[in-house]
Amino acid sequence: MGPELLTPTEAAASGAAIAAVQEPDGAIPCTVGGHTDVWNHVEAAMALLVAGRLDEVDRAWSWLRHTQRADGSWPMKVVGGVVEDASGESNMAAYVAVGVWHHWLVRRELGFVATHWPVVRRALDLVCTFQLPFGGIAWSQEWHHDEPATVNADALLAGSSSIHHALRAGLTLADLLDDPQPEWELTAGRLGHALREHRDRFLDKSTFSMDWYYPVLGGAVRGDAGRALLASRWNDFVVPGLGVRCVDTNPWVTGAETCELVLTLDALGDRTRAVTLFADAQHLRQPDGSYWTGYVYADQVSWPAEHTTFTTAAALLAHDALAEVSGGSGVIRGTGLVPGPEPLGLECGCTSADALAGRA
């Protein structure tokens, strides 16, 4: 392990920094006293698992089991156990499947997978109902009077890319438990096609770096196409020596986006740039193992004035991918995942794989 990666003591400190923010009920908010959302909570739980903090991991998953709603969703924002935004977000719900798959890769505990399989099923069943005709996934659903209401029928490119990863994780868990989910296969196949061929039909968030690299991170675009996609905007977002801009118009690099791009590069086999970028992100690291959210380099100031659990978690997961400390180091590379399903039943105007098979 070279000096550009974390030492075991440093990795342990980062795990402790996340654990210090966990609340008594198991929730892991973004900051002390801040809000908890399920996506960031799951990523923090994954990082705690890499750091070997099993008690905190168990509490985190207990919180997830007990806060899932009957329709398979979670509230978008919970503060101190109180729901501040009851809306359900599709990507937040889906990501639970990635967390369970990661836990299996690390611990190989079939009992854990079986316990959380109903949680994953409810979440991904819901997500499949949000698929739009072109293949993207509607990003959220309003809640009124404690009931699900209007679906916000626009798809986010980064969120849908993450859902693609989650659906493949769910399908792999389904294989593990011998509980086939053909609806998930159909949804994943159509979604993968949209992420490769119809990125212009998603909401335009192209000023954000997440929309640039997430189709690769989520596994829908890999190989030469993935390398070409990263090359297309590398100079817009990557600041040598500092990391990745969150938004292309602002002189602000952020630790989470930087470490996610590390994971993306690793998934493409580009280890040299991944290691360099990870080393660049370490200027955000604090002595206790936590990380600043970002740095405004024009003003030479860390901003906002907070150390976020999701940034520290992203750093730990990126470190694990490069150092291969745990069995979950390949979770973004796609280690052990079933292949991406064929695009069947397309409604976007393209020819479906099933139609091609029929012609053959």
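Label separation (E10 vs L203): 3.6 nm, computed from points 7 Å beyond Cα along the C-beta direction. Couplings 3J(HN,Hα) for segment 69-84, derived from phi with the Karplus relation 6.51 cos²θ - 1.76 cosθ + 1.60 (θ = phi - 60°), are 8, 4, 7, x, 9, 10, x, 5, 8, 10, 10, x, x, 10, 6, 9 Hz, where x marks Gly and Pro. Remark: segment 187-197, residue by residue, has Karplus-estimated 3J(HN,Hα) of 4, 5, x, 5, 5, x, 4, 4, 5, 8, 10 Hz, where x stands for each Gly or Pro and the curve is 6.51 cos²θ - 1.76 cosθ + 1.60 at θ = phi - 60°.
Mean separation of Cα pairs under 8 Å and 6 or more residues apart, divided by the residue count, gives the chain a relative contact order of 19 percent.
From the Cα gyration tensor of the chain, with a ≥ b ≥ c the square roots of its eigenvalues, which class applies: rounded if a/c is under 1.5, or else prolate if a/b is larger than b/c, or else oblate? Cα axes put the chain in the rounded bin. Here the Karplus curve 6.51 cos²θ - 1.76 cosθ + 1.60, taken at θ = phi - 60°, turns the phi angles of segment 155-172 into couplings of 10, 8, 5, 5, x, 5, 5, 5, 5, 4, 4, 5, 5, 5, 5, x, 5, 5 Hz, with x standing for Gly and Pro. Full extension of the chain between L177 and D55 gives 41.4 nm of extra length, using 0.36 nm per residue less the Cα-Cα distance. Based on alpha-carbon atoms, the Kirkwood radius and the radius of gyration of segment 79-170 give Rg/Rh equal to 1.01. Label positions at E84 and T115, each projected 7 Å from the Cα along the C-beta direction, are separated by 3.0 nm. Each part gets one Cα centre, and for segment 245-324 versus segment 68-84 those centres are 28 Å apart. Label-to-label distance, T129 versus H66, with points set 7 angstrom from Cα along the beta-carbon direction: 2.6 nm. Annotation: D179 carries an accessible surface of approximately 40 Å², with a 1.4 Å probe and no ligand, DNA or RNA atoms counted. Estimated at 0.36 nm per residue, the fully extended path between T272 and R233 surpasses their Cα-Cα distance by 12.2 nm. Once the 1.4 Å probe is applied to the protein heavy atoms, the chain comes out at 40 Å² accessible per residue. Look at the Cα gyration tensor of segment 248-301: its axes a ≥ b ≥ c give a/c of at least 1.5 with a/b at or below b/c, and that counts as oblate. Proximity of backbone amide H atoms, modeled 1.01 Å from N, is registered between L132 and I137, A138 at under 5 Å, excluding neighbours fewer than 5 places apart on the same chain.
The magnitude of the dipole of segment 1-92, with charges of +1 and -1 set on the Cβ of Lys/Arg and Asp/Glu and taken from the Cα centre, is near 140 debye. Per-residue ellipticity at 222 nm from helix content only, as computed over the chain with -39500 (n - 2.57) for each DSSP H run of at least four residues, stands at -16500 deg cm²/dmol. For segment 18-97, the Cα gyration tensor yields ellipsoid semi-axes of 19, 14, 10 Å (square root of five times each eigenvalue, largest first, whole Å). Here segment 1-66 and segment 85-130 have alpha carbon centers that stand 17 Å from each other.
The H on the amide N of N152, modeled in the peptide plane, is under 5 Å from the matching H of S140, Q141, E142, each at least 5 residues off or on a different chain. With 0.36 nm allotted per residue and the present C-alpha distance subtracted, the A153-Q286 stretch has 43.8 nm of extension available.
What's the carbon and sulfur percent of the chain's accessible surface, probe 1.4 angstrom, rounded to a whole number? Reported share for carbon and sulfur atoms: 52 percent.
Measuring max minus min along each principal axis, the C-alpha atoms of segment 287-360 give extents of 62, 33, 17 Å (largest first).
The values are calculated or read from the model by the stated rules, or taken from the named source; none is laboratory data. If you're wondering where the values come from, they're calculated on a predicted model, not measured in any experiment. Glycine gets a Cβ as well: all are built from the backbone with ideal geometry, and neighbour counts include every protein chain shown. Just so you know, the surface numbers come from the protein's heavy atoms only, side chains and all, with ligands and any DNA or RNA stripped out. Shrake-Rupley method; radii C 1.70, N 1.55, O 1.52, S 1.80 Å.
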